[in-house]
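See below for the structure under consideration.
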Amino acid sequence: MTADAHAHAARADAVRIVEVGPRDGLQNEKAMIATADKIALIERLAATGLGTVEATAFVSPKWVPQMADAAEVYTGIAKREGVRYPVLVPNLQGYERARAVGVTEIAVFGAASEAFSKANINASIAESLERFAPVLDAAKRDGVAVRGYVSTVLGCPYQGEVPVREVVRVAKALQAMGCYEISLGDTIGVGTPRKARAMLEAVAGELPMAALAVHFHDTYGQAVANVAACLEAGVRVVDAAVSGTGGCPYAKGASGNVATEDIVYLLDGMGFSHGVDLDAIIETGRWLSARLGRDSMSKVNRAKP
Ligand code: HMG
Ligand code: MG
């Protein structure tokens, strides 16, 4: 983290924003984005004060061609002192590719729904946890920090309802394996505030709230409200993507992540510190929208003159 990010993270009213735009945002883009543009985006994001920018994914390029240039992207970033640049890793092969270019923080990604797990990573939940175990072991050996995602925590595109007890079970399993933080993902953006809060509280009944993050997609326009409800319930880590880009190629109908600009505005309004410069993140969102050739999904970005 930057000195500013460190200073604000020490405060009880501080929220850490995990920027996922370069990964979750760009993995679903139909047009191929130039590697140089991805690098420029990450550098611009890190310059806004964000302490964590998820940079790319070392997944199979056959499954997600948009992330095929993961190694080039990661090595191309002029890394800012104190900023963390985690990457997604699905298996040992991805871990080795990531380590070969010096990655120091990764994220593994499981799901609370069997059907989504199969569609996204071609494994049952149990198989996925088995697959993560050697990755976590290697990471521990190498001193690499590991975050864990649980997807489909409020609904699945294939099986519909997802029992909260499954979310709790997978979150606990990832934490027991050594993930320092569990990000709870409403992959298809179907959640509403009370349900989101109840899900978070169920997980927080078993794991420390300080080890949890929330990750909302805005498919039904509920993401900001869901984040607000979860902040009120005590969560202090929020995933967001600049300009509201995003979606998962294996979650039909999933639209963008909650926009970072909108989260910064929300946090300012609720009195939380976050270390991010609103004007700079808006500017970065506009730069990305121009690159992608479409309007920003961020309401704040559109509203600000
Ligand atoms: P598989 O086909 O079962 O894997 O895919 P495999 O082990 O049988 O390998 C098949 C081929 O892929 C082989 O190549 C491997 O070498 C290669 P071939 O012999 O055919 O030439 N391969 C790899 N290549 C590069 N890097 C690797 C890698 N692994 C295998 N790491 C696998 C299984 C997990 C690999 C695949 O399903 C995959 O990559 N899935 C990733 C899907 C993905 O990235 N989804 C989006 C991210 S999740 C998300 O967005 C949700 C989240 O945002 C939270 C939320 O919103 O809720 C996190
Ligand atoms: Mg996502």
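The table for this structure:
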| item | result |
| --- | --- |
| Condition broken by GLU127, with the remaining ones in (1) touching a Phe, Trp or Tyr at 6+ places or on another chain (Cβ under 7 Å); (2) away from ligand 2 (no atom under 16 Å from the Cβ) satisfied | (1) |
| Where a residue in the range 81-105 is in contact (Cβ under 8 Å) with a residue 24 or more places away in the chain and among the hydrophobic types (A, V, I, L, M, F, W, C) and its partner, wherever it lies, is part of a helix (DSSP H, G or I) and within 16 Å of ligand 2 (Cβ to nearest atom), with Cβ under 7 Å and at least six apart | LEU88/ARG23 |
| Residues located in the range 138-159, provided they are crowded, with 23+ Cβ neighbours inside 10 Å and not basic (Lys, Arg) | ALA139, VAL146, GLY148, TYR149, VAL150, SER151, THR152, VAL153, LEU154, CYS156 |
| Residue list for the range 238-247, filter: of a type in the set (A, V, I, L, M) and away from ligand 1 (no atom under 14 Å from the Cβ) | VAL242 |
| Lone qualifier among GLU201, GLU206, GLU232, GLU166 - being in contact (Cβ under 8 Å) with a residue 40 or more places away in the chain and not hydrophobic (A, V, I, L, M, F, W, C) | GLU166 |
| Members of the range 136-165 that are more than 16 Å from GLY191 (Cβ to Cβ) and under 19 Å from the mean Cα position of the chain (by Cα) | LEU136, VAL144, ALA145, VAL146, ARG147, GLY148 |
| Selection count where residues are surrounded by 14 or more Cβ atoms within 10 Å (Cβ to Cβ) and either more than 11 Å from ALA173 (Cβ to Cβ) or free of Cβ contacts under 8 Å to residues at least 12 places away in the same chain (or both), scope the range 125-135 | 2 |
| Top-ranked residue in the range 290-302 [being under 24 Å from GLU232 (Cβ atoms) and part of a helix (DSSP H, G or I); ranked as most open to solvent (accessible area, probe 1.4 Å)] | LYS299 |
| Qualifying residues in the range 160-172 (those that are of a type in the set (D, E, K, R) and closer than 21 Å to HIS217 by Cβ) - the one surrounded by the fewest Cβ atoms within 10 Å (Cβ to Cβ) | GLU161 |
| Odd one out for TRP287, checked against (1) under 14 Å from LEU45 (Cβ atoms); (2) open to solvent by 30 Å² or more (accessible area, probe 1.4 Å); (3) under 17 Å from the mean Cα position of the chain (by Cα) | (3) |
| Considering residues of the range 148-166 that are away from ligand 2 (no atom under 13 Å from the Cβ) and either aromatic (Phe, Trp, Tyr) or closer than 16 Å to PRO208 by Cβ (or both) only, the residue modelled with the lowest pLDDT | TYR158 |
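The values are calculated or read from the model by the stated rules, or taken from the named source; none is laboratory data. Bear in mind the structure is a predicted one, so any value in this text is a computation, not a measurement. Don't worry about glycine lacking a Cβ; one is built from the backbone with ideal geometry, like all the others, and counts go over all protein chains shown. In case anyone asks, the SASA skips ligands and DNA or RNA and just uses the protein heavy atoms, side chains included. Shrake-Rupley method; radii C 1.70, N 1.55, O 1.52, S 1.80 Å.
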